[in-house]
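Trainee: Got a structure here, written out as structure tokens. Questions coming.
The values are calculated or read from the model by the stated rules, or taken from the named source; none is laboratory data. The structure displayed is predicted, hence computed values, not measured ones. Don't worry about glycine lacking a Cβ; one is built from the backbone with ideal geometry, like all the others, and counts go over all protein chains shown.
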Protein chains: 2
Amino acid sequence: MEPANQLHVPIRTIMTPGPVEVDPRVLQAMSSSILGQFDPNFTSIMNETMVLLRRVLETENHWAFPVDGTSRAGIEAMLCSVIEEGDKVLIPSFGRFGGLLTEIAERCGADVYVTHCEWGQVFEPQDVIKQLKKIQPKVLAMVHGDTSTGRMQPLEEIGNACRELDVIFVVDAVATVAGTPVKTDEWKIDGLITGTQKCLSVPAGMAPLTYNHRIEEILQERKSIERGLNSEKHRSSRRIRSNYFDLSQLQDYWSPTRLNHHTEATTMLYGLYEGLRLILEEGLEQRFQRHRLNEKALVAGVQAMGLSLFGNEQWKLPTVTCVRIPEGVDGDSVRAMLLNEFAIEIASSFGSLHGKIWRIGTMGYSCQKRNVLLTLAGLEAVLIRHKVNIHSGEAVQAALDVYQNKSLAV
Amino acid sequence: MEPANQLHVPIRTIMTPGPVEVDPRVLQAMSSSILGQFDPNFTSIMNETMVLLRRVLETENHWAFPVDGTSRAGIEAMLCSVIEEGDKVLIPSFGRFGGLLTEIAERCGADVYVTHCEWGQVFEPQDVIKQLKKIQPKVLAMVHGDTSTGRMQPLEEIGNACRELDVIFVVDAVATVAGTPVKTDEWKIDGLITGTQKCLSVPAGMAPLTYNHRIEEILQERKSIERGLNSEKHRSSRRIRSNYFDLSQLQDYWSPTRLNHHTEATTMLYGLYEGLRLILEEGLEQRFQRHRLNEKALVAGVQAMGLSLFGNEQWKLPTVTCVRIPEGVDGDSVRAMLLNEFAIEIASSFGSLHGKIWRIGTMGYSCQKRNVLLTLAGLEAVLIRHKVNIHSGEAVQAALDVYQNKSLAV
């Protein structure tokens, strides 16, 4: 059989909602040699990663560590560890990733109550709170920023209500952490999950999460009741259905006792550590400002071209911009030409929005002036090739104006 | 708050059963820039990885891809996709990782039948076949090489019996693939799981697996029955309990339709591709010979020192050598001195063997002459410091003899 070719990876400008570009310093850290999982040098990297994660997630929670898997692995770990068969779970869904929460909760055996709102909108917090009072669920699970519709749900009022009503509040903040403020403790979020491949700007493959004592009590209770039950049938009804995603075992592995569970993903952890370090070196507030600035420049450019945005402007997710595909234009053909001629990637969309919007990400290391200007220039050229009637030459100028008048933008 | 320190990783000689050292060419490949998951350049790396995996796993199965998680993530994906509530599963267990199979199968809701054999032994295939006939399980799940006891179970006879009796044969080959022959098709294994951090010599974080049409039929049947059922209760009783580990969804993502599931772990996949490529460049048979040669040299050295091995010699796992800790010696103190003074890591052990044996791995890129000689020299020096009465100066000589008379060793 023929020998396989050496890996060849072309350079891309990645302007999607993830995976996004990675700072070369993160990749450099990831090329460090392997350490054993119980090597004191490695366990100290584990401990330091927990410290950095708490700062990035704005929490005082003791537990803050990555699950070794992509974002949805973290979501599943959180939900399957908290939810027991028959538990009521309320999921207000405003996009595809609310659908993912729903599917995972159903597979956990939950009694799931889903409410939907029109794609492009978010929920009025008081409406969610009404539902909470009516349904009285054990858990309210919600997406913070849903990349499928480019909307961001305000969470603070809902978090306060959950705490008052003694409902566990779980938030998927995969698309927002490190790109826009996510205040875990202030918003009274009990369990929060994020992913590496978006604004953390680390390769896909880890799902950092955090949870407080309210969730830890559920884990401990399940474990102790399970141990106390005599019959296997009752025991298994309370047992977390997964070994890999059992947060009570994961926290034992991340604690000083280091009870053996999986073998921590060495190189990915190096990347996460370095990615978090760079976020804190930049400063959270400065990082959010950078994200806002580049978003504003992108939006100004897109609009100056004559294109319009999708969705309720007030609740726009700052890290994803949804652009309406002009009537009669083949969106995938535009994306393909952008990739083939300019090596720029933007995203298509899901479900009912497919063919109707492009989604342009401004996340993490991809979120920089050079990328925004190149994307606008490339998109304009490709649209002209597709014979779309746009205001030629104005997009990049509008973006440059934003960069030159930063105070206007932020 | 103080800025975090830049990542600092010291160089180690890692002689454990994993994670092991990684070829610098793999780390180089992993420093390639990010590609979008639907970028044609990325999907072609996914396709080529499947081709390489089939060759390394010695199978013609269509499905051969990694699960994004550490080894046990692959085991759980296989078991939870195949096992339904109440299914009979037989697990002959000869070490700790048989225990892991048991725990996962129980959490899947299986009716689990476990048989044990003394640690240090393996099962007589005919005894397993008798059990098979008596219990008539849906699934027989077994470990190939159990690193906890350093034993390797012969599988071919058992595989033939499973096929005849129409039992699904699932094998955890985490510790053996690419270090010693694992003949998926020839041994009639229906589902096989491995991990990256052992003889594949890629960082921990992926669990490559393969399965044949017999397992695929189970997946398709569960999916179609689930869709046909009206009541949510019946539907959920057949449904795979995990979204992340649902092999029917994973195979759709790895098929040309590319149905969106998770975001494939970009950088880890680069590493897996390159690791597999280097295995095939070396050649499977040559690689197995290298593993045998270094194992023989290590064993010769250990025995020349006057130390003895644990377990039934006939079924020794070639990639792990279990060494009895001499009476009265603190095994962890020896390991700590070896790490602190020589930067060499060997492993302790689990359960009833803790404090009784050391486990020395000869796996993947760690499995090389330099490492074996250094480990013997280091271990000898440390044992002398611990006032153990050994045959000083003979270990390295015995190993060198093996290297110089290769024909004797292999």
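Trainee: Looking only at segment A:391-410, filter to residues that are surrounded by 18 or more Cβ atoms within 10 Å (Cβ to Cβ) and either in contact with a strand residue (DSSP E or B) (Cβ under 8 Å, 6 or more places away or on another chain) or modelled with pLDDT of 95 or more (or both); which one of those is nearest to A:Val302 (Cα to Cα)?
Mentor: A:Ala395
Trainee: If we scan segment B:190-208, do we find a residue that is crowded, with 22+ Cβ neighbours inside 10 Å, among the aliphatic types (A, V, I, L, M) and either more than 14 Å from chain A (Cβ to nearest Cβ) or more than 30 Å from A:Gln37 (Cβ to Cβ) (or both)?
Mentor: yes
Trainee: Right, something else. Evaluate segment A:391-407: report whether one residue or more is part of a loop (DSSP other than H, G, I, E, B) and either in the same structural domain as A:Cys199 (by TED's automatic domain parsing) or on the phi > 0 side of the Ramachandran plot (or both).
Mentor: yes
Trainee: Would you mind stating whether A:Gln131 is surrounded by fewer than 24 Cβ atoms within 10 Å (Cβ to Cβ), polar (S, T, N, Q) and either more than 30 Å from A:His354 (Cβ to Cβ) or modelled with pLDDT under 95 (or both)?
Mentor: The answer is no for A:Gln131.
Trainee: Just to verify a result, which residue in segment A:28-49, among those that are within 22 Å of the chain's Cα centre (by Cα) and surrounded by 21 or more Cβ atoms within 10 Å (Cβ to Cβ), is nearest to the other protein chains (Cβ to nearest Cβ)?
Mentor: Out of the qualifying residues, it is A:Met30.
Trainee: Only one residue in B:Leu269, B:Leu229, B:Leu280, B:Leu276 is over 22 Å from B:Val139 (Cα atoms) and modelled with pLDDT under 95, so which one is that?
Mentor: B:Leu229
Trainee: In the list A:Asp127, A:Asp111, A:Asp146, A:Asp87, which residue meets the criterion of being in the same structural domain as A:Met206 (by TED's automatic domain parsing) and either closer than 25 Å to A:Met15 by Cβ or out of contact with any strand residue (DSSP E or B) (no Cβ under 9 Å at 6 or more places or on another chain) (or both)?
Mentor: Only one candidate passes the filter, namely A:Asp146.
Trainee: Could you tell me which of the residues B:Gln28, B:Gln37 is of a type outside the set (Phe, Trp, Tyr) and in a loop (DSSP other than H, G, I, E, B)?
Mentor: B:Gln37
Trainee: While we're on this one: Across segment B:372-390, what is the number of residues that are part of a helix (DSSP H, G or I) and out of contact with any Phe, Trp or Tyr (no Cβ under 9 Å at 6 or more places or on another chain)?
Mentor: Number satisfying all stated conditions: 5.
Trainee: Out of all the residues in segment B:325-374, which are modelled with pLDDT under 95 and of a type in the set (Ser, Thr, Tyr)?
Mentor: B:Ser352
Trainee: Out of (1) closer than 26 Å to A:Gly311 by Cβ; (2) under 11 Å from the mean Cα position of the chain (by Cα), what's the single condition that is false for A:Pro208?
Mentor: Of everything listed in (1) closer than 26 Å to A:Gly311 by Cβ; (2) under 11 Å from the mean Cα position of the chain (by Cα), A:Pro208 misses just condition (1).
Trainee: Give me the residue from segment A:1-19 that is more than 7 Å from chain B (Cβ to nearest Cβ) and within 30 Å of A:Pro318 (Cβ to Cβ) and, out of that set, farthest from the chain's Cα centre (by Cα).
Mentor: By that ranking, first place goes to A:Thr13.
Trainee: Still on this structure: State all residues of segment A:264-282 that are surrounded by fewer than 22 Cβ atoms within 10 Å (Cβ to Cβ) and more than 19 Å from the chain's Cα centre (by Cα); if no residue qualifies, say none.
Mentor: Correct list: A:Glu281, A:Glu282.
Trainee: For residues in segment A:99-116 being surrounded by 24 or more Cβ atoms within 10 Å (Cβ to Cβ) and under 21 Å from A:Ile129 (Cβ atoms), which is nearest to the chain's Cα centre (by Cα)?
Mentor: A:Leu101
Trainee: Another one. Could you tell me whether segment B:67-78 includes any residue that is closer than 25 Å to B:Gln197 by Cβ, facing another protein chain (nearest Cβ under 8 Å), in contact with a helix residue (DSSP H, G or I) (Cβ under 9 Å, 6 or more places away or on another chain) and assigned to a loop (DSSP other than H, G, I, E, B)?
Mentor: Yes, the conditions are met somewhere in segment B:67-78.
Trainee: Say whether the condition of being within 11 Å of another protein chain (Cβ to nearest Cβ) and crowded, with 21+ Cβ neighbours inside 10 Å is met by at least one residue in segment A:86-97.
Mentor: no
Trainee: A further question follows. Looking at segment B:285-306, is at least one residue part of a loop (DSSP other than H, G, I, E, B) and in the same structural domain as B:Leu374 (by TED's automatic domain parsing)?
Mentor: Yes, that holds for at least one residue.
Trainee: I've got another one for you. If a residue must be in contact (Cβ under 8 Å) with a residue 40 or more places away in the chain, surrounded by fewer than 20 Cβ atoms within 10 Å (Cβ to Cβ) and of a type in the set (D, E, K, R), how many such residues does segment A:1-27 contain?
Mentor: 2
Trainee: A further question on this structure: Quick check on B:Asp146: is it crowded, with 23+ Cβ neighbours inside 10 Å, touching a helix residue (DSSP H, G or I) at 6+ places or on another chain (Cβ under 8 Å) and over 28 Å from B:Trp254 (Cα atoms)?
Mentor: yes
Trainee: Return the pairs, sorted by first residue and then second, in which the second residue is modelled with pLDDT of 95 or more and assigned to a loop (DSSP other than H, G, I, E, B), the first residue lies in segment A:381-410 and is closer than 18 Å to A:Cys367 by Cβ, the beta carbons are less than 7 Å apart, and the residues are 6+ apart or on different chains.
Mentor: Matching pairs, first to second residue: A:Ala395/A:Met305.
Trainee: May I ask you to list the residues in segment B:326-348 that are surrounded by fewer than 23 Cβ atoms within 10 Å (Cβ to Cβ), in a loop (DSSP other than H, G, I, E, B) and either in contact with a helix residue (DSSP H, G or I) (Cβ under 6 Å, 6 or more places away or on another chain) or within 14 Å of chain A (Cβ to nearest Cβ) (or both)?
Mentor: Scanning segment B:326-348 gives B:Ala343, B:Ser348.
Trainee: Just the residues that are out of contact with any Leu (no Cβ under 7 Å at 6 or more places or on another chain) and either within 16 Å of A:Gly98 (Cα to Cα) or assigned to a loop (DSSP other than H, G, I, E, B) (or both), please, taken from segment A:159-169.
Mentor: Correct list: A:Asp166 only.
Trainee: Of all the residues that make up segment B:125-142, how many are over 26 Å from B:Ala77 (Cα atoms) and within 22 Å of the chain's Cα centre (by Cα)?
Mentor: The total comes to 1.
Trainee: Look through B:Arg359, B:Arg370, B:Arg385 and report the one residue that is surrounded by fewer than 19 Cβ atoms within 10 Å (Cβ to Cβ) and touching a strand residue (DSSP E or B) at 6+ places or on another chain (Cβ under 9 Å).
Mentor: Being surrounded by fewer than 19 Cβ atoms within 10 Å (Cβ to Cβ) and touching a strand residue (DSSP E or B) at 6+ places or on another chain (Cβ under 9 Å) holds for just one of B:Arg359, B:Arg370, B:Arg385, which is B:Arg370.
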